[in-house]
Amino acid sequence: MQLSIIKNTKILKIYDAVKTSFWFTPCLILSLTISSCTLLLLIDLYAGLNSLNWLSFLYHADAAITRDLLTTVASSMMTVVSITFSITIVALTNASSQFGPRLIRNFMEDSSTQVVLGVFISLFIYCLILARTTDDFAGGAFLPGLTIAGAIVMTLCGILLLIYFIHHIALNLQSDSVIDNVYTELKDSIDQIFNLQKEEEDTRSSTNQNKISVANQTKDRSKENQFRSHSCGYIQTINYADLTDIMSKLDGQLNILINPGDFVVNRMVVMTSDIKQFSAKDEQTLHECFTLGPKRTPLQDPEFAVHQLVEIALRALSPGINDPYTAIACIDKLTAAICDLTQKNFPEGTTYDEEGVERVTYKTTSFETLANIAFDQIRQYSQSCLAVRLRQLEGLIRIAEQANHATHWSFVRHQKLMIEHGLEQQQLIDLDRKEVSIRLQALSKLLDNA
């Protein structure tokens with residue numbers, strides 16, 4: 001499901017919580033399995049399939065042997081469930097220690113793991129239910145052949161699914177796969193956020209936009225009504241559409257001082273308005289448009305996935321791991337993301353009502369912010385790793401080749417100066433100095449032509 005389809009931020013948060021849980025999908029599969037088992041039992045009981053010659057082989061079996069078989073399958077499936085959970089916990093522990101605790105969310109979001117857990121638990125319950133019904137056909141009066149065939153088919157599928165699960169986990173634990181998954185999430189997050197904000201601004205735009213914006217710049221902000229947070233936590237989502245509708249109804253303007261991803265504390269000023277008096281109900285409604293939580297999420301926060309890639313790179317550069325190749329892979333993905341950002345038109349941070357009146361202004365993520373987050377910490381932590389510095393210079397060359405705005409060139413120039421200054425503090429041999437010089441000259445040439 002595309003997150004941009006969901007307009008209600010509360011539903012959006014619930015959807016994200018469900019998507020990253022280990023209980024929803026298994027419970028859904030379990031419910032479907034119990035329903036299917038019940039339906040097959042009813043078909044066996046009332047459809048009279050045992051009278052059909054071509055299905056007679058399903059209904060000629062010993063009840064005691066069948067019950068022993070079902071009990072064996074159920075106990076085996078419970079063992080497989082234990083193994084599956086153990087593998088999952090090992091994967092989560094490895095992800096937390098090697099890539100960072102924030103990456104656990106990505107592993108929990110993996111639909112394959114959720115489906116595998118659900119299928120194995122469902123197969124265990126299916127066999128238990130069917131084994132219990134053997135009390136009714138122990139005398140041979142009723143044999144649910146079709147339901148037993150379903151158990152056999154599910155068991156065969158479960159074996160194949162176990163093989164797939166082990167292969168899937170082995171692939172997902174590789175650093176390159178983890179980095180690529182985070183990069184894919186970053187691209188999707190940025191695309192959805194930009195598309196949603198662009199859609200909101202397009203629907204609220206009007207011809208008198210510039211006139212109203214200029215009037216707001218001269219307003220005395222010190223005389224505005226301030227709204228303070230009632231709790232602490234990370235801003236996960238902000239419902240800009242509802243805020244715009246509320247301010248349109250009250251005929252006022254609102255200035256939001258925080259971004260999704262920011263941490264707010266109690267009594268912190270989060271927004272201001274030119275309306276002097278609000279009713280308690282209206283003020284409560286405004287606060288309900290902000291969703292707070294104990295952690296950051298990528299729902300409206302494009303910096304989240306960037307921080308994830310940066311964290312993987314920093315852990316790879318730590319003395320305990322010392323894996324520059326993983327850090328270089330992160331730099332490559334971050335470079336690709338920044339190159340994509342050079343082709344984006346960042347939202348202006350203003351919403352308008354249906355009559356074209358400016359109602360809400362809010363902070364937006366800028367190109368410089370995202371790009372500097374992607375480069376700064378890796379540059380600072382790679383003082384002793386020349387390979388990482390060289391790859392960052394190559395990344396800046398790729399970005400400079402696609403730069404088309406003054407902010408893009410400013411970022412490239414700033415990062416070049418910082419990296420160049422850091423390299424000057426190091427004692428490099430001639431060959432290393434030559435490699436550095438080649439990249440710096442290529443980058444300087446692009447900057448001179450800007």
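The values are calculated or read from the model by the stated rules, or taken from the named source; none is laboratory data. Source: prediction; values computed, not measured. Here the Cβ positions follow ideal geometry from the backbone for every residue, glycine too, while neighbour counts run over all protein chains shown. To get the accessible areas, we keep the full protein, side chains included, count just its heavy atoms, and leave off ligands, DNA and RNA. Shrake-Rupley method; radii C 1.70, N 1.55, O 1.52, S 1.80 Å.
Values as computed for the structure displayed
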| item | result |
| --- | --- |
| Around Ala17: net Lys/Arg minus Asp/Glu count, Cβ-Cβ under 13 Å | +3 |
| Accessible carbon and sulfur surface of segment 64-197 relative to its total accessible area, %, 1.4 Å | 68 percent |
| Highest to lowest packing among 338-346, 365-373, 115-123, scored as the average C-beta count within 10 Å | 115-123, 365-373, 338-346 |
| Portion, in percent, of the accessible area of segment 215-335 that falls on carbon or sulfur, probe 1.4 Å | 50 percent |
| For the chain, accessible area per residue (1.4 Å probe, heavy atoms of protein chains only), Å² | 50 Å² |
| Ordering of 66-76, 168-178, 389-399 by packing [mean C-beta count within 10 Å, highest first] | 389-399, 66-76, 168-178 |
| Relative contact order, percent, the chain [alpha-carbon distance under 8 Å, six or more residues apart] | 16 percent |
| Net charge over other residues, Cβ less than 12 angstrom from the Cβ of Gln236 (K, R count +1; D, E count -1) | +1 |
| Inter-centroid distance (Cα atoms) of segment 216-295 relative to segment 387-439, Å | 41 Å |
| Accessible-area composition of segment 360-450, carbon plus sulfur, in percent [1.4 Å probe] | 49 percent |
| Mean Cβ count within 10 Å, highest first, over the residues of peptides 299-310, 418-429, 149-160 | 299-310, 149-160, 418-429 |
| Subset of Lys344/Lys434; Lys187/Lys276; Lys19/Lys333; Lys187/Lys295; Lys295/Lys445; Lys333/Lys434 violating a 32 Å alpha-carbon distance limit | Lys344/Lys434; Lys187/Lys276; Lys295/Lys445 |
| Degrees, to the nearest 10: 324-341 long Cα axis against longest axis of the chain | 70 degrees |
| Segment 297-340 shape via C-alpha gyration tensor axes, a/c threshold 1.5 | oblate |
| Net charge, Ala406 excluded, C-beta distance under 14 Å - Lys, Arg +1, Asp, Glu -1 | 0 |
| J(HN,Hα) series, segment 154-162, from Karplus relation 6.51 cos²θ - 1.76 cosθ + 1.60, nearest Hz, glycine and proline x | 5, 5, 4, 5, x, 5, 5, 5, 5 |
